[in-house]
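Visitor: Got a structure for you, questions after.
The values are calculated or read from the model by the stated rules, or taken from the named source; none is laboratory data. None of these values were measured; they are calculated from a predicted model. Positions of Cβ are backbone-derived with ideal geometry, glycine not excepted, and every protein chain shown enters the neighbour counts. Surface accessibility is based on the protein's heavy atoms, side chains included, excluding ligands, DNA and RNA. Shrake-Rupley method; radii C 1.70, N 1.55, O 1.52, S 1.80 Å.
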Amino acid sequence: MARKKLHRPIAAMARKIREYRALKDRPRDSQRFAVDYETMRRPLTQKRLPVRAWEDVRNENRLLALLCRLPRFGVGRTVTRKSWLWAHREPCYWVITKVKADYTAENMDHGRAWGYLTFKGKTEEEVREIDKAMYHDWRIVPKHEEEAFKKFIPVPEVTVRFLPYPPLLRAMILAQWQKEGKPIMEEPVIDLKEGLASPQEWAKKKATGTPV
């Protein structure tokens, strides 16, 4: 028979107090993501930033560093990232719906933000927290440019049905056809529709055989 676990209210209270103190003493975002611009190190951990990020750290801004300058912390405004502008032709941006600033920061330029994400022209329906807000590559889309920035005509996707075989495999197939006496009237290609068949279809094909 298992021993009944005793309820220890004092131990439970002590555990809650330890958890509360740990939560209270944890470093804030303004301490975690602070940067010494002379040495390019974070004062809390003394970790050095990657050399490739130095230019952006000096010239670009974090998300909250931009939103703290706007009325109502920029709720309703459109923000994007420099890396998105370089990497994608389709519009990629966030529409800010909620901001929770860290009021203990010196300029209130740290905190969290939420919004609707539009990535490569496709908008998500649910609000979620904006990730990588501490990166130094955020930009605000001016109000008079928002309509043109969001304008996007989707390009129809082109589906590829057939692909050529690799050279060695192509030579092996042609040699097999020549050995069997088949006329070589067309180039051997890979049918992607058959290659992406479901496991049920493969099992059905495997079960179907020639009667002996």
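Visitor: Write down the accessible area per residue of the stretch 18-129 in Å², having rolled a 1.4 Å probe over the full set of protein chains.
Guide: Result: 70 Å² of accessible area for each residue.
Visitor: A follow-up question, please. Considering amide H positions built from the backbone, and no H for Pro or chain starts, which residues 5 or more places from Thr97, or on another chain, come under 5 Å of its amide H?
Guide: So Thr97 has HN proximity to Gly76, Trp114, Gly115, Tyr116.
Visitor: Here is a further query. First compute the accessible area of the chain with a 1.4 Å probe, then give the percent of it belonging to carbon and sulfur atoms.
Guide: Using a 1.4 Å probe with all protein chains present, the chain comes out at 55 percent carbon and sulfur.
Visitor: Specify the longest stretch of the chain that does not include any exposed loop site, a site being one of the trypsin sites (Lys or Arg not before Pro) with a non-H, G, I, E, B DSSP assignment and at most 11 other Cβ atoms within 10 Å.
Guide: Answer from the scan: 162-212.
Visitor: Something else now. Compute the acute angle (0 to 90°) between the alpha-carbon long axis of helix 9-25 and the principal axis of greatest extent of the alpha-carbon atoms of the chain; round to the nearest 10°.
Guide: The angle comes out at about 90 degrees.
Visitor: Next up: Residue-wise, which Karplus ³J(HN,Hα) couplings in Hz belong to the stretch 154-162, taking 6.51 cos²θ - 1.76 cosθ + 1.60, θ = phi - 60°, and x for glycine or proline?
Guide: Whole-Hz 3J(HN,Hα) from phi for the stretch 154-162: x, 8, x, 6, 8, 8, 9, 9, 10.
Visitor: Follow-up. What are the ³J(HN,Hα) values, in whole Hz, obtained from phi via the Karplus relation 6.51 cos²θ - 1.76 cosθ + 1.60 with θ = phi - 60°, for each residue of the stretch 45-55 in sequence order, with x given for Gly and Pro?
Guide: Result, ordered by residue: 9, 6, 7, 8, 6, x, 4, 5, 8, 4, 5 Hz.
Visitor: What distance in nm lies between label points placed 7 Å from Cα along the C-beta direction at Arg42 and Val160?
Guide: The answer from the label model is 4.1 nm.
Visitor: Top mean-square fluctuation among Tyr135, Tyr93, Tyr37, Gaussian network model of the chain, C-alpha springs under 10 Å?
Guide: Fluctuation is largest for Tyr37.
Visitor: Note the listed values (1) 63, 18, 12; (2) 30, 21, 16; (3) 54, 33, 20, then indicate which one is semi-axes √(5λ) of the Cα gyration tensor in Å calculated from this particular structure.
Guide: Of the listed options (1) 63, 18, 12; (2) 30, 21, 16; (3) 54, 33, 20, (3) comes from this structure.
Visitor: Between Val75, Val158, Val57, where does the largest GNM mean-square fluctuation fall for the chain, given springs only between Cα atoms within less than 10 Å?
Guide: Greatest mean-square fluctuation among the candidates belongs to Val158.
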